[in-house]
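Shown next, in structure tokens, is the structure this report addresses.
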Number of protein chains: 2
Amino acid sequence: MNTLTVDLGERSYPIFIGNGLLTRSDLYAPYITGRQVMIVTNTTVAPLYLEKVKSALQGFQVDEVILPDGESYKDLKTLNLIYDALLEKQHNRTTTLLALGGGVIGDMCGYAAASYQRGVNFIQVPTTLLSQVDSSVGGKTGVNHPLGKNMIGAFHQPKCVIADTDTLNTLPERELSAGIAEVIKYGLICDKPFYQWITENIQALMKREPKALAYAIERSCQNKAEVVAQDETESGIRAILNLGHTFGHAIEAHQGYGQWLHGEAVGTGMLQAADLCWRMEHISSDELTALRDLLIASGLPVVGPADMSTDDYISRMLVDKKVLDGRIRLVLLKRIGEAYMTSDVPKDLLTQTLTAGDKLGLA
Amino acid sequence: MNTLTVDLGERSYPIFIGNGLLTRSDLYAPYITGRQVMIVTNTTVAPLYLEKVKSALQGFQVDEVILPDGESYKDLKTLNLIYDALLEKQHNRTTTLLALGGGVIGDMCGYAAASYQRGVNFIQVPTTLLSQVDSSVGGKTGVNHPLGKNMIGAFHQPKCVIADTDTLNTLPERELSAGIAEVIKYGLICDKPFYQWITENIQALMKREPKALAYAIERSCQNKAEVVAQDETESGIRAILNLGHTFGHAIEAHQGYGQWLHGEAVGTGMLQAADLCWRMEHISSDELTALRDLLIASGLPVVGPADMSTDDYISRMLVDKKVLDGRIRLVLLKRIGEAYMTSDVPKDLLTQTLTAGDKLGLA
């Protein structure tokens, strides 16, 4: 097991990464302050891991709420099921919420913890690659609104993150790919050596070789923890973690949440961002096509939805949280391994990217 | 105009108290950081004051959302109307929400501000006595759940509070009384000289004499600001501000939110707490009956709902946020002017108080 720390002063917390962690009572106990625990999970994860986690929580009042599975349920209505369960079981201010599942469960459980009785403790137990490398770390929580993704939420840090790599053995292929999209992201935005490592080890990752996966998770979390420690509430540098997300959110919203996986949309979104960066002469044509090849090797889509027009993209991108005074702001690459945020986006080049279709990423 | 400060380090903010403040552009402008303002108000307050406030906000993109009036609408569904308006009008992260109304509007607008895009600015413009002396100050925001009051929420401080005493001229009698209940509370919990002043000036307050009202608001806010500055997130001392609230919340929940005004329920709740304190020999029979007389002079109810059994109270009190490990915790009086919190409540005496009926407060 490896332990990393997210350094946020009195809100600092550890990330435990390794195999066989789900059943380790000693990892949970120090982070449960009261006697009550509410496990928030979903219909897919519960049959696989709920009993394992409960076996590690003997001595506590453990209740559970099992939500329907999928991004399309990441809304206020489903969130309310968590409040219902907490109140029906009379959980008080000292309760600890435990998110057992992927990014959707983590975001909803975290937001329930941020808002129940004006804030209670929570623990992240991510069971997908995407949530282990990204969404479980950093304290972003929330739900979607029909008019925009993650529009309702809070910054609320977990007390600890327990990433058990064994859970990745049951992960569907598509979700493995979606997680790798976020792993690639860290390389692109701030860690060129890691990007090169991913390119060389993509086959091992796709074959789920434990050593390769553990390394990818650790290095991703390290990168994320460093960025978050510099800017907890995203007033500046943290925004670079959203490379590909403005494009990706537009795709997700247009298709209806849950059609494309978040990581899939981010994958295509990163290629769109890179395509624009190539047109802006920030990266070479070789680098652009190499990224496209890497995404294909990761099993990710490299073409946006066929029926999505430039206007479809633009109107969705205008409700992104990064929009300021009606101007689209994007995270772009200065070069491979260095990202920046700008509202100075050449419209003609952006249009070329958005209309590239199956030529996207081909210089 | 008088200015008080709530001292919370980098989250400190001013409270402006006086007449003719609604139209003063110079009070709003320094606290609006972006170009967008969303006024959140209700169907009762909008016809009276919305245009006045808008006239003071020229030069900004000002939008409004007008909610139905009443505590029964303080729920997730009505909250969502604020998110809808913000997204439809494309308000971004730099927007400022402005709460124009009483406690329900302040709590809902504040919570919308806490959660929209993970937190935006807001300004409190309270238009009832209760919200001017209590709910607009201190950063508690939230909505009710069918199983408990204020169960969903956040601590989110406003950038400033603008309390225009002119707005009290249009306040219904019942709401004036409800506000005075909270004024009396400050005397009881931490300011005996103020309690004596209220006893001597209750007629002037009920006649809405401007000088008396302004003094009562100022002194109340001063007391609240001092308590909040010591304990922003209610881990200790701040709980004394909830004198009468555990009883009161039980009454409100039992009757259905909106039947009793919050201040009315708090008034009767304070008398119940005082009755228990008399049985515990903390206050004298004279002090108990004097409080009852003061509540009557304030136009407040001094008997709980006739159909409410001891079990009705206890079961509601057990979901109060102060409950710990299944034990009811109450704010009680050591003496007039000094409150404390305890989970050591003699059950027999509590039962006597809860069954006192029209003998409540009569030693």
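The values are calculated or read from the model by the stated rules, or taken from the named source; none is laboratory data. Values in this document were obtained by computation on a predicted structure and should not be read as measured data. When we count neighbours, we look across all protein chains shown, and the Cβ atoms used for this are built from the backbone with ideal geometry, even at glycine.
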- If A:Thr199 passes every condition in (1) assigned by TED's automatic domain parsing to the domain that holds A:Val331; (2) crowded, with 23+ Cβ neighbours inside 10 Å; (3) polar (S, T, N, Q) but one, which one does it miss? (2)
- Tally of residues being under 23 Å from B:Ile189 (Cβ atoms), without any contact (Cβ under 8 Å) to a residue 60 or more places away in the chain and not basic (Lys, Arg) across region B:299-329: 6
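Would you confirm, using the coordinates I've provided, whether A:Asp63 is of a type outside the set (S, T, N, Q), under 24 Å from B:Lys149 (Cα atoms) and assigned by TED's automatic domain parsing to the domain that holds A:Thr165? Working first, answer last.
On the way: of a type outside the set (S, T, N, Q): yes; under 24 Å from B:Lys149 (Cα atoms): yes; assigned by TED's automatic domain parsing to the domain that holds A:Thr165: yes.
Yes, satisfied.
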- Item | Selected residue (only one of A:Met317, A:Met341 is under 21 Å from A:His145 (Cβ atoms) and assigned by TED's automatic domain parsing to the domain that holds A:Lys192) | A:Met317
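Out of curiosity, is B:Leu332 touching a residue at least 40 places away in the same chain (Cβ under 8 Å), surrounded by 19 or more Cβ atoms within 10 Å (Cβ to Cβ) and outside any helix (DSSP H, G or I)?
Working: touching a residue at least 40 places away in the same chain (Cβ under 8 Å): yes; surrounded by 19 or more Cβ atoms within 10 Å (Cβ to Cβ): yes; outside any helix (DSSP H, G or I): yes.
In short, yes.
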- Mind listing just one residue for me: the one in region A:113-167 that is under 16 Å from B:Ala154 (Cα atoms) and assigned to a helix (DSSP H, G or I) and, of those, farthest from the other protein chains (Cβ to nearest Cβ)? A:Ala113
- Query: Counting only residues that are free of Cβ contacts under 8 Å to residues at least 60 places away in the same chain, within 11 Å of another protein chain (Cβ to nearest Cβ) and not in a strand (DSSP E or B), how many does region A:59-106 have?
  - Reply: 14
- Being within 16 Å of the chain's Cα centre (by Cα) and either at pLDDT 95 or above or crowded, with 16+ Cβ neighbours inside 10 Å (or both), is that true of even one residue in region A:269-286? yes
- When the residues of region A:208-264 are filtered to those that are of a type in the set (Gly, Ala, Ser) and within 15 Å of the chain's Cα centre (by Cα), which remaining residue is surrounded by the fewest Cβ atoms within 10 Å (Cβ to Cβ)? A:Gly258
- Message: Can you go through B:Val125, B:Val161 and tell me which one is in the same structural domain as B:Gly101 (by TED's automatic domain parsing) and touching a Leu at 6+ places or on another chain (Cβ under 8 Å)?
- Response: B:Val125
- Query: Can you spot a residue in region A:122-143 that is modelled with pLDDT under 95, among the polar types (S, T, N, Q), within 17 Å of the chain's Cα centre (by Cα) and farther than 30 Å from A:Ala204 by Cα?
  - Reply: no
- Query: Hey, A:Gln230 hits all of (1) away from chain B (no Cβ under 14 Å); (2) polar (S, T, N, Q); (3) in contact (Cβ under 8 Å) with a residue 12 or more places away in the chain but one; which does it fall short on?
  - Reply: (3)
- Task: Could you pull out the residue among A:Lys140, A:Lys192 that is assigned by TED's automatic domain parsing to the domain that holds A:Val331, closer than 23 Å to A:Met341 by Cα and out of contact with any helix residue (DSSP H, G or I) (no Cβ under 6 Å at 6 or more places or on another chain)?
- Result: A:Lys192
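Across region A:2-25, which residue is nearest to A:Gln222 (Cα to Cα) among those that are touching a Cys at 6+ places or on another chain (Cβ under 8 Å) and β-branched (Val, Ile, Thr)? Please lay out each step first, then the result.
We begin by selecting, within region A:2-25, every residue touching a Cys at 6+ places or on another chain (Cβ under 8 Å); these are A:4, A:13-17.
Filter once more, so that each one left must be β-branched (Val, Ile, Thr): A:15, A:17.
On the way: A:Ile15: 10, A:Ile17: 11 Å.
So the residue we want is A:Ile15.
Anything in region B:1-17 that is assigned to a strand (DSSP E or B) and either over 21 Å from the mean Cα position of the chain (by Cα) or surrounded by 15 or more Cβ atoms within 10 Å (Cβ to Cβ) (or both)? List them, or say none. Can you show your working first?
Start the filter on region B:1-17 by keeping residues that are assigned to a strand (DSSP E or B), which leaves B:2-6, B:13-17.
B:Leu4, B:Val6, B:Tyr13, B:Pro14, B:Ile15, B:Phe16, B:Ile17 - these are the residues of region B:1-17 that are assigned to a strand (DSSP E or B) and either over 21 Å from the mean Cα position of the chain (by Cα) or surrounded by 15 or more Cβ atoms within 10 Å (Cβ to Cβ) (or both).
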- Item | One residue from B:Asp307, B:Asp325 being acidic (Asp, Glu) and either within 19 Å of B:Leu354 (Cα to Cα) or at pLDDT 95 or above (or both) | B:Asp307
- Task: Report yes if some residue within region A:180-194 is touching a His at 6+ places or on another chain (Cβ under 8 Å), over 27 Å from A:Leu22 (Cβ atoms) and at pLDDT 95 or above; otherwise report no.
- Result: no
- Query: Given the structure, is B:Gly20 closer than 27 Å to B:Leu213 by Cβ, under 19 Å from the mean Cα position of the chain (by Cα) and touching a residue at least 12 places away in the same chain (Cβ under 8 Å)?
  - Reply: no
